[in-house]
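Remarks on the structure that follows.
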Amino acid sequence: MPLTQINLTPDALLDAGGKLLERGALRAMLARAPEGPVVILLHGYKFSPFHGDASPHGHILSAAPRAQRRAISWPRHLGFTGARPDEGLCLALGWHARGTIWQAYRAAEAAGAGLGHLLSELHQIAPDRPVTVMAHSLGVRVFLCALCTASAGSVARAVLLSGAEFRDVAARAMAHPAGRAVEVLNVTSRENALFDRALERLLAPLNPFRRSLGPGLGGCLPNWIDLRIDDPATLRALRGLGFPVAPPQKRVCHWSSYLRPGLFPLYRAYLRTPARLPHATLGAALPPPAPRRSGRRFPAPAFSLPRKRWLQGE
């Protein structure tokens, strides 16, 4: 199985056994899977590889997750089954995303520095090997922070799912050398609007005009696509490209961007076979970006904020 666990701490990269991961070990990982892409997976809030049952390596980042809610194998759905020698290398990255939402948001920045170092190291070892990333929730913040320090060209593509981050942070990250070179598919939905609103109110309470990534970047960057998976016109366009995606199944869901039937074939094609799905082709097939709204008026269900235990990481 071409699946390798790596854990990010504020100070180091660690292997699954807790040992320091140095360049020689990274070189050996790449040598064991010499063909195919390198795909890095990043979990979001409430997971931690250092917290027993909360480890992502027994959940979404596992090849065989434990039977739990929302536990589907990202590696297997992305084509990492061990059945073919050219599948590439899947790096499942864990980081400490526990505690309150404020603590986890700060921890994501430190994890991003570690990811930036990892991307730069991989690029230096194998500059011709494409590296792609898929991240969910606060894992999106980890990735965007990594772009600020990673070397130019160190990451080719990224799929960002229900990102728990602000638009201004994303725009600044994309202005860095690594950000200017990466192609991004930002997956959004009004199913996540309640969580977008919670992020804005809790992390930017004094700035009513600071917006989350929920509405996207509005088509302002050629290498950034906002994919609105709650939009019927978008779903029709995806079907026309050969990716039939199910319509929304819930009014409120932070995890629909990876649980919704039909999405993983799209992500697999985007991350693993860019020639099959060029970024420009996908962007041209989608409907125009939704008009920007001022303030916090991105449509959201008329429900209260998420329960206290979600905010406090209980």
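The values are calculated or read from the model by the stated rules, or taken from the named source; none is laboratory data. If you're wondering where the values come from, they're calculated on a predicted model, not measured in any experiment. With ideal geometry, Cβ positions are generated from the backbone for all residues, glycine too; neighbour counts draw on all protein chains shown.
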Worksheet item: Using beta carbons and a limit of 9 Å, which pairs, at least six apart or on different chains, have the first residue in segment 255-275 and free of Cβ contacts under 8 Å to residues at least 12 places away in the same chain and the second one of a type outside the set (A, V, I, L, M, F, W, C)?
Response: Thr273/Pro37
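Among the listed residues Ser154, Ser212, which satisfies the condition of being among the polar types (S, T, N, Q), modelled with pLDDT of 95 or more and either out of contact with any Lys or Arg (no Cβ under 9 Å at 6 or more places or on another chain) or more than 21 Å from Gln103 (Cβ to Cβ) (or both)?
On the way: Ser212 fails: either out of contact with any Lys or Arg (no Cβ under 9 Å at 6 or more places or on another chain) or more than 21 Å from Gln103 (Cβ to Cβ) (or both).
After applying the criteria, what remains is Ser154.
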Worksheet entry | Qualifying positions in segment 61-79 - in contact with a helix residue (DSSP H, G or I) (Cβ under 7 Å, 6 or more places away or on another chain) and of a type in the set (Gly, Ala, Ser) | Ala63, Gly79
Fill in: From the options Pro34, Pro10, Pro2, residue that is within 27 Å of Glu109 (Cβ to Cβ) and not charged (D, E, K, R)
Pro10
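Conditions (1) surrounded by fewer than 19 Cβ atoms within 10 Å (Cβ to Cβ); (2) touching a residue at least 40 places away in the same chain (Cβ under 8 Å); (3) over 26 Å from Pro130 (Cα atoms), marked per residue:
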position	(1), (2), (3)
Ala12	yes, yes, no
Ala31	yes, no, no
Glu35	yes, yes, no
Tyr45	no, yes, yes
Ser48	no, yes, yes
Ser55	no, no, yes
Pro65	no, no, yes
Ser73	yes, no, no
Practice prompt. Among the residues of segment 113-130, count how many are of a type outside the set (Lys, Arg) and either in a strand (DSSP E or B) or within 21 Å of Pro75 (Cα to Cα) (or both).
Written response: 5
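Let's see how each residue does on (1) on the phi > 0 side of the Ramachandran plot; (2) hydroxyl-bearing (Ser, Thr, Tyr):
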position: Ser137; (1), (2): yes, yes
position: Thr149; (1), (2): no, yes
position: Gly153; (1), (2): yes, no
position: Ala156; (1), (2): no, no
position: Arg167; (1), (2): no, no
position: Ala175; (1), (2): no, no
position: Leu185; (1), (2): no, no
position: Arg210; (1), (2): no, no
Discussion item. Condition first: part of a loop (DSSP other than H, G, I, E, B), modelled with pLDDT of 95 or more and either within 21 Å of Gly79 (Cα to Cα) or in contact with a Lys or Arg (Cβ under 6 Å, 6 or more places away or on another chain) (or both). Now tell me which residues in segment 277-305 satisfy that.
Written reply: Leu277, Pro278
Practice prompt. Hey, could you check segment 131-151 for residues that are assigned to a loop (DSSP other than H, G, I, E, B) and hydrophobic (A, V, I, L, M, F, W, C) and say which is nearest to Glu121 (Cα to Cα)?
Written response: Ala150
Worksheet entry | For Phe209: the one exception among (1) among the aromatic types (Phe, Trp, Tyr); (2) part of a loop (DSSP other than H, G, I, E, B); (3) crowded, with 21+ Cβ neighbours inside 10 Å | (3)
Fill in: Test: residue in segment 233-250 that is in a loop (DSSP other than H, G, I, E, B), exposed (fewer than 14 other Cβ atoms within 10 Å of the Cβ) and modelled with pLDDT under 95
yes
